[in-house]
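Undergrad: Once you've had a glance at the structure underneath, I'll fire off some questions.
Coordinate-derived values only; no laboratory data. In this text the structure is predicted, and so the values were computed from the model without any measurement. Cβ: placed from backbone, ideal geometry, glycine included. Neighbour counts: every protein chain shown.
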Amino acid sequence: MANRIAVCAGRALTTLSIAAVGTLGFVGTAAAQEGGEDITFTRDIVPIFQDNCQVCHQEGAIAPMSLMTYDQARRYARRIKDRVAKRLMPPWHLNPHIGIQDFKNDRSLSEEDIQTIVDWVDSGMPEGDPADMPPPVEWPTGEDFQFRGELGEPDMIIYTDAFDVPASGNDLWWRPTVPTGLTEDRYVRAMEVLPSFPDGRGVTHHFLATAVQETSLGGLLTEWALGKTGEVYQEGTGKLLEAGSEIEFEVHYYPNGTEVPQDRVALGIWLYPEDYVPEFPTRLRFFNVAPQNVLEIPPHSKPIYQRQWVMNNPVRIQSFQAHFHLRGKGASMEAIYPDGSVELLSQIDNFQFNWHNNYIYADDAAPLLPEGTVLKFTMWYDNTEDNPSNPHPGDFVTWGDRAADEMGHFWIGVTDLSQEQFDRLKAEREQIVSDGAGASGGGS
């Protein structure tokens, strides 16, 4: 069940073999109808929608239509079947058959749920008994933080200074600096970025926040792009915000035909209790796989880029997020261990520009990597007619900040560990695995 909280270049090493994963195959129509005769909207479909879909598919939320009632679902049933069968919806772009599969924010559908929806549509979309309908879920609105239901009210909400976004024109960048108002040092345990509602989220492309303070965080405070919600850290893991600190924002706007005057983006911050110092400071590391002056995508091509980084100390990987624009298609992260063994940690094989998912590993699955591990990143592009998101397959595309340009990098939540911490966490993980209660999550 999905959680309702709705993450120096080395020498050339082993080349990744990228598997082409096709559309899921389902049983034939006749068999589906036979298997779906007893499937009803009220008893079988609504629970799936509540667990995975309605957080976005409700009035005023980010999705283009609501799926709260039978009439609404029936109207879009054929489209729903197509999207879930192709694993385009819910937006979870990881390959479901390889790599780590345990995530805190997994909103993907199981094979069983997909088959249930397909069978329901193929059997004529029966409504069922209204008495079978589960109680409605009270969802956050577009003006609300999604983490609020799980974490409560944010301890701090910091807004960017107001900016007037015109209805038309080129991409725009707004870089205000805003004081946090903190009078004592505090540690952050979660953050969520909330574009303004309703019009601001339609023109906000990405958002970067950097803590301006004496102690460096070793990377950004947080990052946000289309489709992302935020970051939640493991217990005992956090980021320091110092008394008197400021936050330097970068907001990338792109006009979409609607003027948005005095727009402000909100950063919600949840803090650990006063005087609490987490054992594990964490940071958001930037791995630039296809940088400026390197990234080139010729017309009608499908290029692949790779880079490697050596981990000079043991690390725990908290989260995994790829950043592309319109030609991005897939990305992977491999661990090449000091003993020469190789593990594919995670692979995105159907990237969608409107959904920059941050994949937050479950606590007992977050990769534990020993000193000397090489993290190998691969990113591939599709600048052909095969890519439905591609506006102009005949263009020669290079690196750039605009949505019409392209990028290729990862934001990885990394916690640096001492050898003692690594050994302890690895032993705890091995005990959990031996007890049958978790996944290994790396650590050769």
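Undergrad: Using a Cα-Cα cut-off of under 17 Å, which lysines could be cross-linked to residue 104, ignoring same-chain neighbours fewer than 8 residues away?
TA: Correct list for residue 104: 228.
Undergrad: So what are the ³J(HN,Hα) numbers for the stretch 403-413, from phi and the Karplus equation (6.51, -1.76, 1.60; θ = phi - 60°), rounded to whole Hz, Gly and Pro as x?
TA: These are the phi-based 3J(HN,Hα) values: 4, 6, 8, 9, 9, x, 8, 10, 10, 10, x Hz.
Undergrad: So what are the three principal axis dimensions of the stretch 264-393 from its Cα atoms, in whole Å, longest to shortest?
TA: Result, largest extent first: 55, 49, 28 Å.
Undergrad: Here's a follow-up. Which aspartates and glutamates, if any, have their Cα less than 15 Å from the Cα of residue 302, not counting same-chain residues under 8 positions apart?
TA: 349, 382, 385, 386, 395, 406
Undergrad: Using only the C-alpha atoms of the stretch 29-132, find the volume of their convex hull and express it per residue in Å³.
TA: Measuring per residue, one finds 109 Å³ for the Cα hull of the stretch 29-132.
Undergrad: In addition: Please list, in order along the stretch 423-430, the HN-Hα scalar couplings obtained from phi with the Karplus expression 6.51 cos²θ - 1.76 cosθ + 1.60 (θ = phi - 60°), rounded to whole Hz, x for Gly and Pro.
TA: Coupling constants for the stretch 423-430: 4, 5, 5, 5, 5, 4, 5, 4 Hz.
Undergrad: Let me ask another. Where the centre of each part is set by its Cα atoms, how far does the stretch 155-232 sit from the stretch 299-344, in angstrom?
TA: 26
Undergrad: Then there's this: Once you compute Rg and the Kirkwood Rh from C-alpha atoms, what is the Rg to Rh ratio for the stretch 148-278?
TA: Computed over Cα atoms, the ratio is 0.99.
Undergrad: Next up: Taking only the alpha carbons of the chain, what extent do you get along each of the three principal axes, in Å, biggest first?
TA: 63, 55, 51
Undergrad: From the backbone phi of the stretch 210-224, what are the Karplus-calculated ³J(HN,Hα) couplings (6.51 cos²θ - 1.76 cosθ + 1.60, θ = phi - 60°) in whole Hz, Gly and Pro given as x?
TA: Per-residue couplings from phi come out as 10, 7, 9, 6, 5, 8, 6, 8, x, x, 5, 5, 6, 9, 9 Hz.
Undergrad: Something else: Go through the stretch 184-233 and name the GluC sites (Glu not before Pro) that are in a DSSP coil and have 10 or fewer other Cβ atoms within 10 Å of their Cβ.
TA: Hits after loop and neighbour filter: 184, 214.
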